[in-house]
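The values are calculated or read from the model by the stated rules, or taken from the named source; none is laboratory data. Everything numeric in this text was worked out from a predicted model, so none of it was measured. Quick reminder, even Gly has a Cβ in these numbers, built from the backbone with ideal geometry, and neighbours come from all protein chains shown.
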Amino acid sequence: MPAHLLEIKDLHTYFTTKEGVNKAVNGVSLALDEDSILGVVGESGSGKTVTALSVLQLVPFPGEVVKGSITYNGAELLTMTSEQIRHIRGKEISLIFQDAGAALNPVIPIGKQVEEIVLEHTNIGGRRARALAIDLLGQLGIPDAKNMLSRYPFQLSGGMAQRVLMAIGVALEPKVLIADEPTSNLDVTLQAEILHRLSELREKNHSAIMLITHDLGVIAQMTQTVAVMYGGTIVEYTDTKSLFAKPLHPYTSGLFKAIPRLDTGQQALNPIRGAPPKMIDAPDLCPFLERCGKATNQCRTMPVPPLLEVEPNHRLACYNPVVYP
Ligand SMILES: Nc1ncnc2c1ncn2[C@@H]1O[C@H](COP(=O)(O)OP(=O)(O)O)[C@@H](O)[C@H]1O
Ligand SMILES: [Mg+2]
């Protein structure tokens, strides 16, 4: 038995452009286990989506996985043929994207789009595929699913479109679900509803979910383990409780300070100063260096800090972490 259901090891995915090499993912290692939710959190541009796309060989040109390994049930995904990976997609591992409007085919009724994945990957015939589509849409909270089948994506609200996309994502009961900001375009009520459905699916199928978000509230509510990404790397990786109780990386600690405190009514938002790093031809230094209030001479001269276990199950990539009394 492989140690993990899905394991990403030392992944490097680069985009070679006229401006130089964008090291979008620069040495990411992650593990995902059955029946669990791993959160991946980080500012826009930190490499979350490119990591997700790398898993299923979906990185667009001129992007390329230049180094690393991604195994599913012990089998290497990066070297699979397009035919082999096609059997994995949707059936074993599903990706649910943020922008449902763009991910759905605008000229095909939504019922057909749900049925298609079932027809393509299983022996289930037309009638039953239709029944399954109705059932799936219903499970995701789409009212009157039967009559919705003939609707086109443009006739749906954002929340409904997101549910359809999720129905397609889970139609074949994949073991791994990668949800890339599945709720970030939705209002709070809808967000809660979609997240609730996601939890239900995990319970029902014992699937593993990688939940990508920039929302720490979602992380707190949904995940057991969390990886914090910054500048194409994982800077902190631990169980969710420990991260919230004791963030050790100055970046993570900054993220928490940037959230308005509802409990104390404190208004001040303290955004982390500075801009996210430019990853084009990035120097071999800590990516957070320029924005870090705790940077020392060591940080300015040493290579990118490795992700090391500094406390049981708490991994950290930092030379000068936050200290707690
Ligand atoms: N198609 C592309 N061409 C060139 N660069 C890209 C492309 N897609 C993503 N990138 C770059 O890769 C980096 C990581 O992006 P992304 O994974 O989308 O970040 P996140 O999902 O964390 O917001 C960014 O610097 C982004 O500009
Ligand atoms: Mg993204």
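Quick notes on this structure:
- Of all the residues in the range 270-292, those that are over 21 Å from T17 (Cα atoms), assigned to a loop (DSSP other than H, G, I, E, B) and modelled with pLDDT of 90 or more number 4.
- The single condition among (1) in contact with a Pro (Cβ under 9 Å, 6 or more places away or on another chain); (2) closer than 30 Å to G254 by Cβ that T49 does not meet is (1).
- Tabulated pairs, the range 314-325, first within 14 Å of L289 (Cβ to Cβ), second buried (at least 16 other Cβ atoms within 10 Å of the Cβ) and of a type in the set (S, T, Y), C-beta under 8 angstrom, 6+ apart or interchain: A317/T233
- Residue tally, condition more than 16 Å from ligand 1 (Cβ to nearest atom) and either farther than 30 Å from Y14 by Cβ or not in a helix (DSSP H, G or I) (or both), over the range 191-244: 32
- Across the range 45-63, the qualifying residues are those that are small (G, A, S) and within 9 Å of ligand 2 (Cβ to nearest atom), and the one among them that is nearest to L211 (Cα to Cα) is A52.
- Index of the failed condition, S69 passing every other in (1) more than 10 Å from ligand 2 (Cβ to nearest atom); (2) at pLDDT 95 or above; (3) outside any strand (DSSP E or B); (4) surrounded by fewer than 23 Cβ atoms within 10 Å (Cβ to Cβ): (3)
- No other residue among L11, L32, L78 is away from ligand 1 (no atom under 16 Å from the Cβ), buried (at least 20 other Cβ atoms within 10 Å of the Cβ), over 21 Å from A167 (Cα atoms) and not acidic (D, E) apart from L32.
- Checking each residue in the range 50-87 for being β-branched (V, I, T) and either within 16 Å of L11 (Cα to Cα) or free of Cβ contacts under 8 Å to residues at least 12 places away in the same chain (or both) picks out V50, T51, V55, V59, V65, V66, I70, T71, T79, T81.
- Positions within the range 123-155 being in a loop (DSSP other than H, G, I, E, B), under 25 Å from the mean Cα position of the chain (by Cα) and over 12 Å from G111 (Cβ atoms), in sequence order: L140, G141
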